[in-house]
Amino acid sequence: MSKLKHNRVYNFNAGPAAIPLTVLERVHEQWFNYRGAGMNVMEMSHRGKEYDAIHNDTVARVRSLLNLGEEYHVLFLQGGASTQFGMIPMNFLGEGKTADYINTGVWSNKAIKEAKLFGNVNVAFDGKTVDFMRLPTQEELVLTPDAAYVHITSNNTIKGTQFFTFPNVGNVHLIGDMSSDILSHSFDASKFSMIYAGAQKNLGPSGVTLVILRDDLLKVAREGLTTMLSYQTHVADNSLYNTPPTFAIYLMGEVLKWVEEQGGVAGMEQRNRAKAEMLYGFFEENPEFFRCPVSPESRSWMNVCFRLPTEELEGRLINEGKAAGFIGLKGHRSVGGLRISMYNANGVEEVEATVEFMKDFMHRNG
Ligand code: PMP
């Protein structure tokens, strides 16, 4: 039996992931009748005035939280971040042009595979050479001077690395897949021509992908593409060309409201820094039992990957954790080991409880 409200668990799933309880409670309150409309948001017309207000309110919150200028378009698309892997080169990698990709793990690799279908790809840094255990320094990047764009994955959900300062790419367009760390710490969004993120980690439920696109990049998008895969379509119709994922967008808006109430991105940064210091600090104090293979300067605040002395112990920690209400501790199937995904919604006290649980486990098994 969980000690938490509503009998909930400590949810460290990698995505879809925890949603702030306050958000779930507010949505629950409006479940049968959203603000007097007499229906749930998911039952409303996407052309009606109630939904229109939700949609534009969510756009406005994205703009304000990331401090975006008028030159940025905010879109809500479908098909996950994975569809962006293909849409980006389809729209922006012209014939004979080269795009630079920084390969820092599985998700970068998938983006590279899609780009190769449309043009030349230069891998500006290949993380394979360091087993993806650290990110490149600026000096290590081999950039193409007139590249169509440079693509990075800001947080590597599987191996647990995260960029806190971004590569300097000069005048070339910088595009960031921020699926697993958007809004987790302050950064200068104006350095990016495009940012995209599947919602299911820091923004809400799966089913919607946030895309932020600067107008100068949009202007060079290829013409004549199939309608739904052209950014121009979605910009022209404010993501309402077809039926958008209305309920997911509504939930994203509620999550963004919650982020504002916690002090915005700066508030998230403070909370995420505290969680990361607590967890990595605990591992460093107990190096004979816990080992984090990622280079200290590249360690992710969102996805903390670690190992125990044996796989047998790892399995036991995962199972005992599950029984005690700590869910999602298993590492990604491609790497094994353990992973604690602690996105914005996870509170400091949840990490505290997890450290206490792991301390007890270590004393019983060390
Ligand atoms: N990029 C990153 C960094 C991810 O973590 C994920 C999913 N875990 C994806 C892309 C793919 O996202 P989707 O499943 O929304 O296509």
Among the residues of segment 300-320, are any open to solvent by 10 Å² or more (accessible area, probe 1.4 Å), of a type in the set (V, I, T), without any contact (Cβ under 8 Å) to a residue 40 or more places away in the chain and over 15 Å from K275 (Cα atoms)? yes
For segment 204-217, the count of residues that are open to solvent by less than 20 Å² (accessible area, probe 1.4 Å) and not β-branched (V, I, T) equals 4
Flagged in segment 68-105 as under 28 Å from F125 (Cα atoms), at pLDDT 95 or above and of a type in the set (G, A, S), in numbering order, are G79, G80, A81, S82, G86, A99, G105
Residue in segment 280-295 that is under 25 Å from A199 (Cα atoms) and open to solvent by 10 Å² or more (accessible area, probe 1.4 Å) present: no
When (1) assigned to a helix (DSSP H, G or I); (2) surrounded by fewer than 16 Cβ atoms within 10 Å (Cβ to Cβ); (3) within 16 Å of the ligand (Cβ to nearest atom) are applied to P16, the one that fails is (1)
Positions within segment 106-126 being within 16 Å of the ligand (Cβ to nearest atom) and either assigned to a loop (DSSP other than H, G, I, E, B) or buried (at least 23 other Cβ atoms within 10 Å of the Cβ) (or both), in sequence order: S108, A111, A115
Tally the residues that are within 16 Å of the ligand (Cβ to nearest atom) and open to solvent by 20 Å² or more (accessible area, probe 1.4 Å), restricting the search to segment 61-89. 5
Looking at (1) within 30 Å of L24 (Cβ to Cβ); (2) open to solvent by less than 20 Å² (accessible area, probe 1.4 Å); (3) free of Cβ contacts under 8 Å to residues at least 60 places away in the same chain, which is the only condition T354 fails? (3)
Suppose the filter is at pLDDT 95 or above, within 21 Å of the chain's Cα centre (by Cα) and hydrophobic (A, V, I, L, M, F, W, C); does F306 pass it? yes
Matching residues, segment 154-184, being surrounded by 24 or more Cβ atoms within 10 Å (Cβ to Cβ) and touching a Pro at 6+ places or on another chain (Cβ under 9 Å): K159, G160
Residue identified as in contact with a strand residue (DSSP E or B) (Cβ under 7 Å, 6 or more places away or on another chain) and under 30 Å from L210 (Cα atoms) among L279, L240: L279
What residue, of K257, K201, is of a type in the set (D, E, K, R), open to solvent by 40 Å² or more (accessible area, probe 1.4 Å) and at pLDDT 95 or above? K257
Looking only at segment 133-148, count every residue that is under 11 Å from I102 (Cα atoms) and either buried (at least 16 other Cβ atoms within 10 Å of the Cβ) or of a type in the set (A, V, I, L, M) (or both) and tell me the total. 5
Here is a check on your reading of the model: is S341 within 19 Å of the chain's Cα centre (by Cα) and more than 28 Å from W258 (Cβ to Cβ)? no
Among the residues that make up segment 132-143, is at least one of them within 16 Å of the ligand (Cβ to nearest atom), assigned by TED's automatic domain parsing to the domain that holds F76 and within 15 Å of the chain's Cα centre (by Cα)? no
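The values are calculated or read from the model by the stated rules, or taken from the named source; none is laboratory data. Given the structure is predicted, the values throughout are model-derived calculations rather than measurements. With ideal geometry, Cβ positions are generated from the backbone for all residues, glycine too; neighbour counts draw on all protein chains shown. Only protein heavy atoms, including side chains, enter the accessible area calculation; ligands, DNA and RNA are left aside. Shrake-Rupley method; radii C 1.70, N 1.55, O 1.52, S 1.80 Å.
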